[in-house]
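Q: Here you go, one structure.
Values in this text are rule-based calculations from the coordinates and carry no lab data. Treat the numbers as computed from the prediction; the structure is a model and nothing was measured. Note that we place each Cβ from the backbone using ideal geometry, even for glycine, and neighbour counts take in every protein chain shown.
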Number of protein chains: 2
Amino acid sequence: MRRSDAAAEPKFRRAPPDARREELIAATLACLSRLGHEGVSVRRISAEAGVSMGLITHHFLGIDALVAAAYESLAERLLAQSRGPALAVAGDPLEALHAYFSASFAPRALDPAIFRTWLVFWSLVPHSPELRTVRERVDRETRATLEALLSRLKRMPGVRPFKVGAARIGLSALMDGLWVELSLNPSSFEPAQAIALCDDWVHGLATGAFPALLALRRAPLHRRRRRR
Amino acid sequence: MRRSDAAAEPKFRRAPPDARREELIAATLACLSRLGHEGVSVRRISAEAGVSMGLITHHFLGIDALVAAAYESLAERLLAQSRGPALAVAGDPLEALHAYFSASFAPRALDPAIFRTWLVFWSLVPHSPELRTVRERVDRETRATLEALLSRLKRMPGVRPFKVGAARIGLSALMDGLWVELSLNPSSFEPAQAIALCDDWVHGLATGAFPALLALRRAPLHRRRRRR
DNA sequence: GTGCTTATTATGCGGTCGCATAATAGCATG
DNA sequence: CATGCTATTATGCGACCGCATAATAAGCAC
């Protein structure tokens, strides 16, 4: 094989660490979305990335750190996809929220593969400190985004005052629940209905239909009474 | 060891199939709640039950059928725990719904082990026809329960008419979302707040705060128009 | 008791897993 | 063109996996 000596192509390419890390993250997401929890495997992920197993332990502290990085990557992407359209609406807070809902229930957000991936993350949260850390940061961003939108709504004239924090809990729960059901059983209802239910919820919030969420004027401390 | 000949205890006991099946289901639930998806293992489950691996394939068509049976067992138990208190309230539909919420967010329903188990079921749904079948039946029962409660509410004087089916979708999504968040992060809010949010949602529904859920009087067929 | 049914166990096989360790080679630097 | 750093591969090891198959024995009918 004398001829190949000169044109011998390298047996592997040496990539800058950051690029390699991105490749591994992409491969991880591909495995998780295709195989679910069975995709969490050093062998599978490295094969998907077209590299050898050792690279994972070399570029990450371990498989858990890699999965956590993948979680962060996907979560940031999804958040950006929902937040972008919402923040693009400058005026009416109701429309901004509607844009957020529409983007959150767009087809690409309802891809079953994403749900499969998410289940893996959820099931790893209790056992993986790295994943829990990432999740806390991602959660904080998501909360901040939703609370910002709700705060805009609250400042709108004619809107009954409400507790932003508590409202965010309810709204994100409603959205998550709708997303889960739609992911598990796409035929159970239309995405448009999910959006309408979220819009309705916001409407109820704005019109003061939720007694427990109303921001009541607090009495001065010395006048507070505790029911017994 | 002549002595032991007479008192030789049996090497195993022969159980009636139904009882053995229950034991295996219990062992399965124990493994799933303790180990999550790693608990789905013929070896682990049979060890947990104190029997040999072969028994699983003997009493069930396979591991998938066993897991499906475990899903059904747990789901029925949880449903009964929530439905019982709700149906025990004969009078006020609002109180019946409140009882349903209270039971659904009681400590035993928020056990992290249950969530871990549930994640396994969810992630198996796409791949296991048996599990999907069971899930459809369980879902139908849950839907029926909630819709019955909502129908009672709808018949209450003074309550604005609404679409029961659509309302059920929203309410169960809200409940599921709250349950997921609480299971993932028990310290993010109090169970009592989850109950209050559900009560609020029902209050909004009853007072007609949800435009898209209002049961509008339908125009006669020949007068229907489709917007373009 | 005796025998039959079948619930139950024991064992082996091929495969994949994570991990550790040693060898290799790309590539920048001089 | 030589050299060193380190990204990368290759390989072996022990453990666990699901599955299949043959052997065993519990307990009921007679």
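Q: If every alpha-carbon in chain B counts as one equal scatterer, what log10 I(q)/I(0) does Debye give at q = 0.10 1/Å?
A: -0.60
Q: What's the local net charge at residue A:156, with K and R +1, D and E -1, over the other residues with C-beta under 14 Å away?
A: Net local charge, residue A:156 excluded: +2.
Q: Neighbouring Cβ atoms within 10 Å as the yardstick, rank B:175, B:156, A:53 fewest first.
A: The most exposed by this proxy come first: B:156, A:53, B:175.
Q: Given the protein assembly as shown, what whole percent of its Cα pairs are spread farther than 39 Å?
A: Every Cα pair in the protein assembly as shown considered, those over 39 Å come to 32 percent.
Q: Using only alpha carbon pairs under 8 Å that are at least six residues apart, calculate the relative contact order of chain B and give it in whole percent. List each step's numbers first, then the result.
A: On the way: 211 pairs, mean separation 39.6, N = 228.
In percent, rounded to a whole number, it is 17.
Q: Given C-alpha coordinates of the range B:27-153, what is the ratio Rg to Rh with the Kirkwood estimate of Rh?
A: 1.06
Q: Straight-line reach only, C-alpha to C-alpha below 21 angstrom: list the lysines that residue B:163 could link to, leaving out same-chain residues fewer than 8 apart.
A: Leaving aside lysines fewer than 8 places away in the same chain, those within reach of residue B:163 are B:154.
Q: Run the simple label-point estimate for residue B:106 and residue B:155 please: 7 Å along Cα→C-beta, distance reported in nm.
A: Distance between label points: 2.6 nm.
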